[in-house]
Amino acid sequence: MRTTLSYLRWPLIVTGLGIALAGYLGWEFSHDSGGALSFLLIALVLAVLEISLSFDNAIVNANKLQEMSPQWQRRFLTWGILIAVFGMRIVFPLMIVVIAAQIGPVQAIELAAAHPAEYAELIRDAHLPIAAFGGSFLMLVALSFFFDQSKEVHWIGRLERGLRACGSVRGMEVGFVLVFILIFVWLLPVRDERLFMFSAMWGIVTFLAVDALGHVLDRWGNAQAASCTMGTARAGLGAFLYLEVLDASFSFDGVIGAFALTQNLFLIAIGLGIGAMYVRSMTVMLVEKGTLAEFRYLEHGAFWSILTLSIIMFGQTMWHLPEVVTGLLGAGFIATAFVSSVLWNRRHG
C-alpha cells in the first residue's frame, strides 16, 4: 500500500517547477524581486483556490473511476489531467476570447500577453453564459445522485429520502432545473434573458447527451465484454467523456475567479495547473485506498457541495459572489460529511 506522501510526489515536483516559472514571469514583467515575489504568491493562492473548489470534483471522479477498468482509469489519470490542465486552464480562456472578440487564437495569445486588462474584461463579459451552462449541468449532476432510486444510504435522512421519492417521477430532475431556470429568467434584466436561457438549455442538452452516450456505450460494453475488448473500450469511453465534461463544468468558477486575482493568462495557467495536480492525486488516493467505502457519507457531502455550487453559479449571473464563499461552502459540506462518517463508524464498530 502506498503511503500518503507518495501520492504527493508529482504534485510537489510540479509545484516547485510552477513556482520557479511564476517567479521568472514576475521578473520578466516587472524586472524586480518584488514583482517576482508577487507572481509567486499569486500562483500559490491560485493553487489553493483550485484545490478548495475542486475537492468535491475529486470525490465524484473517484466514485466514477471505481466503475471503470484499470486501463481506462490510467487513461483518465494521464490524458484526462492533460485535458484538464491544458484544455480548461489554457485553451478554454483563450477560446472565450476568440469567440467573444472574433479574433484568431494567435491574436488572443498576443492580447493576453500585451493587454491583460482588455483580455480579462472579455472573460468577464462571457461570465453569464458560462455560469448558466455550468449551473444547469452541475445541478443535473447533483439531482441525478439524490433522485437515484437505487440509492439506499441517506446522510440528511428526511430530506434525501424526500428527494429520492421525487425521483420516482420520470424526468423530475430536468423539470426541477427548468423551473430554476425560469425563475432566473424572470429575475434577470430583459437584455440578458435570451442569452441566459440559451446557455442554460445547452447545459441541460449536454448533460442528457453525455448521460445517454454513457448508457449506450455501457450497454454495448456489457453485451460484448465477454467476446472482445471493444465492449470494455466503449464502456470506458462513456465514463471518460462524462468525467471530462464534469471537470470542465467544475473548472468554470475557478477560471473566472482567477481573473479576480490576476489578469495574466500564463500565471493563471501555472496556479490552476498546480492545483489540478493535487486534485488528480487526491482522486488516485481515494480510489486506491478505498476511502469512499470507508467514509459512507463523504460522497453525499460532495454532491451537496455540487448542488450548492450550481445554485451559486446561477446567482453569479446577477450578483457578485466571492469565490472564497464557494470554496468554504463546499469544504464545509465535505468536512461535515467526513465527521458524520467517522461518528457512524464509531457507533457501528
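The values are calculated or read from the model by the stated rules, or taken from the named source; none is laboratory data. Fair warning: this is a prediction, and the values are worked out from it, not measured in the lab. Note that each Cβ is placed from the backbone with ideal geometry, even for glycine, and that neighbours are counted across all protein chains shown.
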I need every pair where a residue in the range 3-25 that is within 15 Å of LEU41 (Cβ to Cβ) and polar (S, T, N, Q) has its Cβ under 6 Å from the Cβ of a residue that is surrounded by 11 or more Cβ atoms within 10 Å (Cβ to Cβ) and modelled with pLDDT under 80, sequence separation at least 6 or different chains. none
Is it true that some residue in the range 80-100 is touching a residue at least 40 places away in the same chain (Cβ under 8 Å) and more than 25 Å from TRP202 (Cβ to Cβ)? yes
Restricting attention to the range 154-204, and to residues there that are surrounded by 12 or more Cβ atoms within 10 Å (Cβ to Cβ) and β-branched (Val, Ile, Thr), which single residue is nearest to the chain's Cα centre (by Cα)? ILE204
Restricting to the range 310-331, name every residue that is modelled with pLDDT under 85, assigned to a helix (DSSP H, G or I) and not aliphatic (A, V, I, L, M). GLU323, THR326, GLY327, GLY330
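To keep it simple, each residue is scored yes or no on (1) of a type in the set (D, E, K, R); (2) surrounded by 17 or more Cβ atoms within 10 Å (Cβ to Cβ); (3) farther than 12 Å from TYR278 by Cα.
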site: LEU8; (1), (2), (3): no, no, no
site: LEU21; (1), (2), (3): no, yes, yes
site: ASP32; (1), (2), (3): yes, no, yes
site: SER38; (1), (2), (3): no, yes, yes
site: ILE42; (1), (2), (3): no, yes, yes
site: GLU50; (1), (2), (3): yes, yes, no
site: ASN61; (1), (2), (3): no, yes, yes
site: LYS64; (1), (2), (3): yes, yes, yes
site: MET68; (1), (2), (3): no, yes, yes
Under 8 Å between Cβ atoms, which residue pairs at least 6 apart in sequence (or on different chains) link something in the range 167-178 that is without any contact (Cβ under 8 Å) to a residue 60 or more places away in the chain and on the phi < 0 side of the Ramachandran plot with a partner that is in a loop (DSSP other than H, G, I, E, B) and not β-branched (Val, Ile, Thr)? GLY167/PHE147; GLY167/ASP148; GLY167/GLN149; SER168/GLN149; MET172/PHE147; GLU173/PHE147; GLU173/GLY167
Considering (1) part of a helix (DSSP H, G or I); (2) among the aliphatic types (A, V, I, L, M); (3) free of Cβ contacts under 8 Å to residues at least 40 places away in the same chain, say which one LEU44 fails and leave the rest. (3)
Go through the range 47-68 and count every residue that is among the β-branched types (Val, Ile, Thr) and not in a helix (DSSP H, G or I). 0
